[in-house]
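Accompanying notes for the structure given below.
Every number here is computed from the coordinates shown, using simple stated rules; none is lab data. Here the structure is a predicted model, which means the values were calculated and not measured.
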Amino acid sequence: MRLFGRVLEPVERLSEILFGLIMALTVTSAVSVATADDMQIRTMLIAALGCNLAWGIIDAGMYLMARLGERGHNALVGRAVRKAPTREQAHRIIEDELPPVFASIFRPAQLEEIRERISQMPSSRAHPGLTGRDWQGAIGDVSGRRSVRCH
């Protein structure tokens with residue numbers, strides 16, 4: 001059993017590789033056209049690496065912003081459930097957050113259990129923030145599955 005689960009899914013990793021390849025080809029083609037016969041291999045490689053590094057930094061920032069956005073949304077939903085004037089309204093909020101196929105299979109007693117658990121959550125969990133795992137996902141996990149994501 002692994003101590004930590006995956007930070008990125010296989011599709012996310014594949015898209016990172018493809019974006020990197022597209023970025024490198026774009027830069028090398030643009031440099032090639034702009035400099036024609038005067039282009040040196042060293043200049044082309046530096047341009048491609050610089051572009052990929054810049055994209056990696058931007059992508060890492062977007063990844064962290066997405067995590068914050070997701071946690072902020074979850075905090076708002078939790079707050080709305082806790083402040084709902086009736087149990088039925090809280091149940092509707094919970095159902096609205098579930099995929100339709102799952103929302104249709106929950107019974108009122110199950111929704112009430114979820115509402116009660118949300119109501120019992122400590123207030124410290126209602127304030128979104130980044131975790132070490134988020135930073136690990138942004139800059140690379142220990143096994144190198146998402147290394148500095150230069151693309």
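Take the Cα pairs of the range 10-129, get the Kirkwood Rh, then feed it into Stokes-Einstein at 25 °C and 0.890 mPa s and tell me D in µm²/s.
Roughly 133 µm²/s, to the nearest whole number.
In percent, what relative contact order does the range 10-129 have, based on Cα pairs under 8 Å that are 6 or more apart in sequence? Answer for the range 10-129 is 23 percent.
Sequentially through the range 91-100, phi angles give Karplus couplings (6.51, -1.76, 1.60; θ = phi - 60°) of 4, 5, 4, 5, 4, 5, 7, 8, x, x Hz, Gly and Pro residues having no value and appearing as x.
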